[in-house]
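*Asks:* Below is one structure. I have some questions about it.
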Amino acid sequence: QVQLVESGGGLVQAGGSLRLSCAASGRTFSRFMMGWFRQAPGKEREFVAAISRRDDSTWYVDSVKGRFTISIDNARNTVYLQMNSLKPEDTAVYYCAASSLFYSTSADSYDNWGQGTQVTVSS
C-alpha cells in the first residue's frame, strides 16, 4: 500500500508562485516514478511533470518548461512542484501520483494517487 497526500495549493495572482508538496508513505520501494498531473474544470487530466526516485531525472510538459520545477527530498519520500510565473491557464486541481515503471507520462501507468490540491490563478 502507498499513500500520497498533497498540500500547498491556494489562490495566487498571475505571475506569482506556489510550491506543492506530496508526502508518500507505505510500501514505496517499488514506486520508481513520481508524477504531477492536473485537471481543470471541463477538461481531461493531463501530465505536468515527473521525477525518478532512483536518479532524479525529470520530465515536463512543454507548457510548463522553464516555469515549473519538480524535485524530491533526500529521504526520497517527499516530492515538490515549484511553480513560478503562474498563468490563469494553470488553474486546476493538481494530483500527485506514483508508478512502478521507470518512466511514464501516462496517467494509466500510475498506481497510486493523492486526493488533489486546488491551484487557482487570478488574472
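*Asks:* Could you grab me the full set of residues in region 60-75 that are assigned to a loop (DSSP other than H, G, I, E, B) and either on the phi < 0 side of the Ramachandran plot or crowded, with 18+ Cβ neighbours inside 10 Å (or both)?
*Replies:* The answer is VAL61, LYS65, ARG67, ASP73, ASN74, ALA75.
*Asks:* What pairs come up if the first residue lies in region 110-123 and is under 15 Å from GLN1 (Cβ atoms) and polar (S, T, N, Q), the second is part of a strand (DSSP E or B) and modelled with pLDDT of 95 or more, and their beta carbons are under 6 Å apart, counting only those six or more places apart or on different chains?
*Replies:* These pairs meet every condition: ASN112/LEU4; ASN112/ALA98.
*Asks:* In region 8-39, how many residues are in a loop (DSSP other than H, G, I, E, B) and hydroxyl-bearing (Ser, Thr, Tyr)?
*Replies:* 1
*Asks:* Can you find, within region 1-13, the residue that is nearest to LEU81 (Cα to Cα) among those that are touching a residue at least 40 places away in the same chain (Cβ under 8 Å) and open to solvent by 50 Å² or more (accessible area, probe 1.4 Å)?
*Replies:* Result: SER7.
*Asks:* If you go through region 42-59 one residue at a time, do you hit one that is open to solvent by less than 40 Å² (accessible area, probe 1.4 Å) and not in a strand (DSSP E or B)?
*Replies:* Kept after step one, since they are open to solvent by less than 40 Å² (accessible area, probe 1.4 Å), are these residues of region 42-59: 47-52.
Filter once more, so that each one left must be not in a strand (DSSP E or B): none.
No.
*Asks:* Looking at the structure I just gave you, is THR105 open to solvent by less than 70 Å² (accessible area, probe 1.4 Å), more than 28 Å from GLN13 (Cβ to Cβ) and not small (Gly, Ala, Ser)?
*Replies:* Judged against the criteria, THR105 is a match.
The values are calculated or read from the model by the stated rules, or taken from the named source; none is laboratory data. Here the structure is a predicted model, which is why all the values come from computation and not from measurement. All Cβ positions, even for glycine, are placed from backbone atoms using ideal geometry, and neighbour counts span all protein chains on display. Surface accessibility is based on the protein's heavy atoms, side chains included, excluding ligands, DNA and RNA. Shrake-Rupley method; radii C 1.70, N 1.55, O 1.52, S 1.80 Å.
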